[in-house]
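A quick write-up on the structure given underneath.
The values are calculated or read from the model by the stated rules, or taken from the named source; none is laboratory data. Keep in mind it's a predicted model, so treat the numbers as computed, not measured. When we count neighbours, we look across all protein chains shown, and the Cβ atoms used for this are built from the backbone with ideal geometry, even at glycine.
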């Protein structure tokens, strides 16, 4: 299991949304959550069931937090992101458990699974393609911090769009919930692809692979 990544001070405007998001990302990937999932006889079916349940929880959490209208709604944007990311983090750990590889899950795997679909450029150095295989590198802490800063900056630039939805309480909440469902499904897709290979996300040379 990966060691906890301390939320160090990062470059950027002190106290700004980019810095706060970066710290949240560092906290998110810094500790791998425990899972009650064990290697399943049908891991693909179990992983899809885990993904569907998590996507529904994320949609409900996001839609509920997006209900307050106007300025009050702006205050729920960061809590909404944090809630969705927590659900997605646990989902990734549970999917790894269904494939029997949770014991070797690292912060690099978590970072890749959570943000590959939305920030491919930021996490490009985490995974190295070797033929048909994707090798996940054990990225050092300083590199993790830089990647988190890039992701945090990208997310902060998209917060305005989330804020606009707050001015349309019911319709906006439905849209926010639908996006949270879609976003969680994309995280699940990455995790399933990563952990469904023959190799476990182990130390040294044994790494999970994406099927070619």
**Boolean, residue 90 is part of a loop (DSSP other than H, G, I, E, B) and surrounded by fewer than 23 Cβ atoms within 10 Å (Cβ to Cβ)** = no
**Request:** Look at segment 59-70 and say how many of its residues are at pLDDT below 70 and surrounded by 15 or more Cβ atoms within 10 Å (Cβ to Cβ).
**Result:** 2
**Request:** Read through the list (1) surrounded by fewer than 16 Cβ atoms within 10 Å (Cβ to Cβ); (2) part of a loop (DSSP other than H, G, I, E, B); (3) at pLDDT 85 or above; (4) within 20 Å of the chain's Cα centre (by Cα), then give the number of the only condition that residue 56 fails.
**Result:** (2)
**Prompt:** Only one of these conditions is not met by residue 73: (1) crowded, with 21+ Cβ neighbours inside 10 Å; (2) within 24 Å of residue 176 (Cβ to Cβ); (3) modelled with pLDDT of 80 or more. Which number is it?
**Reply:** (3)
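If only one of 185, 160 is touching a helix residue (DSSP H, G or I) at 6+ places or on another chain (Cβ under 9 Å), part of a helix (DSSP H, G or I) and either surrounded by fewer than 17 Cβ atoms within 10 Å (Cβ to Cβ) or at pLDDT 70 or above (or both), which one is it? Break it down into steps so the answer makes sense when it comes.
Values: 160 fails: touching a helix residue (DSSP H, G or I) at 6+ places or on another chain (Cβ under 9 Å).
One residue alone meets the criteria, 185.
Determine, yes or no, whether residue 202 is over 25 Å from residue 82 (Cβ atoms) and either buried (at least 16 other Cβ atoms within 10 Å of the Cβ) or at pLDDT below 85 (or both).
yes
Can you tell which of 118, 122 is at pLDDT below 90, at negative phi, part of a loop (DSSP other than H, G, I, E, B) and surrounded by 20 or more Cβ atoms within 10 Å (Cβ to Cβ)?
On the way: 118 fails: surrounded by 20 or more Cβ atoms within 10 Å (Cβ to Cβ).
The conditions single out 122.
May I ask you to verify whether residue 152 is in a helix (DSSP H, G or I), at negative phi and at pLDDT 80 or above? Give the derivation first.
On the way: in a helix (DSSP H, G or I): yes; at negative phi: yes; at pLDDT 80 or above: yes.
Criteria met by residue 152.
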